[in-house]
Amino acid sequence: MLVATLTVPPQAVAYGTPTIALSAAYLSGAVGATGDPVVDVTVGQSGADPSALTVSVSASSKASVAGTGDVTFTGAGAVRQLAVAARGRGYTTLTVKVTGLGGRTATRTLSYAASAAVQNPADARYLTGSADASAAVDVGGGYAVVADDESNVLRLYDRSRSGAPVRTWDFSSQLGVGKEVDIEGATRIGNTVYWTGSLGNNKDGEYKAPRNTVFTTTVSGSGASAQLAYGRSYKKLREDLVAWDEANGNRYGFAAGTADGEAPKQIDGFNVEGLEFAPGSTSTAYLGFRAPLAPVVPGGKALIVPVTNFDQVLASGAEATFGAGIELDLGGLSVRDIRKNAAGQYLILAGSWAADDNSDPYALYQWDGVPGHAPVERADLPTTDPGGWEAIVEVPDLTVPGARVQLITDSGSADLYGDGTEAKDLTRAEWKKARAAWFTLG
């Protein structure tokens, strides 16, 4: 007798639709960049091991900026890292796809913007979230707090990587201001960081009280764990400077430079951009002026004014007192930043006093901080296109051959992506960025 055997096929596994999420919907990179930020891609599928899922970019709206083959993924589990190697400047939309078991797919879009290539891209990093970097203070562990002259937000960045800030602080409410202080200079003594506004009129020649502000913050911790707390402020330093100059024969024209209708960034204007303490002192601070030059003639000297009781100005609101102005030959350039190290070696970042200075030269000068002693040029700097070098993060040991210093740009006026939009006016904070770059001193 024959017995029939019935074979029942195994039941097919019913896989669900895969899921995909991006840690950011907007990403900025640069052509030829090293260490550009990445996006985390998190995938999953019901009934499937995440490592069995395939992640890819299935489409690009503008391959000349970045095509599907210019995107790479690392990682093998539920979270993959997406990196883009830009081909050209501009914008593109990338379609990121996950393919699950059973052939099901899901997609998300990533809006990507690439800025142009720069000289020595291996030495460049991009600090995103703001384009108008204006001052920086090292807080140890490879991190720095960076100020912005278009807002009152202070941002903590990893100096070695491109990307967004680790954390931010906005002390506007403690300062009692609703507009930007126009922070332009900063320095640190112990755990106290001193910040100064430009003290000048706005670009239309109008007096704006928040700009006449100096204030302190206290640092606790270091590196990625650094925290800032608000200290004290003083809002009469501009008036003190004008009164001092008038009492000394109006040598520097401060009263005229601060008058209604006077723009700050002109050769006889009034604009502070540097702040550092005098050699061996925790009370006398040097204010470095972008304008005026001294004396106020073409080819004049850069101006530094010592505030001899700066610690008490902030500690108790004492009226500022001043030493004699220090006039330095920086080749016709003015002070854009000044910073010293623990050994009392100063670097001065020199640039034009002009408002539209995109084609003007920049240079780094070494100085010993002593009035009457001449600074020595250590490096010519390339112009940015456009924008300007604005901040020295910290000063290395200047006696070491080949010493390197990191500088940061104010890129607010830059057309980063070739669409005619200035960086400060971009609608996405993720696409705003300043450039940090390392330079070797000669």
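The values are calculated or read from the model by the stated rules, or taken from the named source; none is laboratory data. Keep in mind that what you see is a predicted model, and the values were worked out from it rather than measured. Here Cβ is always computed from backbone atoms with ideal geometry, including for glycine, and neighbour counts include all displayed protein chains. Areas reflect the complete protein model, heavy atoms only, side chains present, ligands, DNA and RNA absent. Shrake-Rupley method; radii C 1.70, N 1.55, O 1.52, S 1.80 Å.
Taking Gly442, is it among the small types (Gly, Ala, Ser), open to solvent by 30 Å² or more (accessible area, probe 1.4 Å) and either in a loop (DSSP other than H, G, I, E, B) or touching a residue at least 60 places away in the same chain (Cβ under 8 Å) (or both)? Yes: the conditions hold for Gly442. With respect to Ala135, is the statement that it is within 20 Å of Ala423 (Cβ to Cβ), small (Gly, Ala, Ser), open to solvent by less than 10 Å² (accessible area, probe 1.4 Å) and under 12 Å from the mean Cα position of the chain (by Cα) true? Yes: the conditions hold for Ala135.
Within region 312-333, the set of residues being among the aliphatic types (A, V, I, L, M), part of a loop (DSSP other than H, G, I, E, B) and closer than 26 Å to Gly231 by Cα comprises Ala318, Ala320. Do you know which of the residues in region 47-69 that are open to solvent by 50 Å² or more (accessible area, probe 1.4 Å) and hydroxyl-bearing (Ser, Thr, Tyr) is farthest from Ser111 (Cα to Cα)? It comes out as Ser51.
The rows are residues; the columns are (1) hydrophobic (A, V, I, L, M, F, W, C); (2) crowded, with 20+ Cβ neighbours inside 10 Å.
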position	(1), (2)
Thr168	no, no
Val177	yes, yes
Glu180	no, yes
Ser198	no, yes
Thr213	no, yes
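The rows are residues; the columns are (1) modelled with pLDDT of 95 or more; (2) open to solvent by less than 40 Å² (accessible area, probe 1.4 Å).
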site: Val71; (1), (2): yes, yes
site: Val79; (1), (2): yes, no
site: Arg89; (1), (2): yes, no
site: Lys97; (1), (2): yes, no
site: Arg108; (1), (2): yes, no
site: Ala113; (1), (2): yes, yes
site: Val118; (1), (2): no, yes
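The number of residues in region 271-292 that are farther than 13 Å from Arg188 by Cα and either small (Gly, Ala, Ser) or in contact with a Lys or Arg (Cβ under 8 Å, 6 or more places away or on another chain) (or both) comes to 8. Under the condition of being closer than 18 Å to Val118 by Cα and of a type outside the set (A, V, I, L, M), the residues counted in region 65-90 number 4.
Among strands (runs of 3 or more DSSP E) entirely within region 357-413, having at least 1 residues that are at pLDDT 95 or above and of a type in the set (D, E, K, R) singles out 376-381, 388-392, 404-410.
Please verify whether Val41 is closer than 14 Å to Ala106 by Cβ and at pLDDT 95 or above, treating the condition exactly as stated. When the stated conditions are applied, Val41 passes them.
Among the residues examined, Val193 qualifies as closer than 28 Å to Thr282 by Cβ, aliphatic (A, V, I, L, M) and touching a strand residue (DSSP E or B) at 6+ places or on another chain (Cβ under 7 Å).
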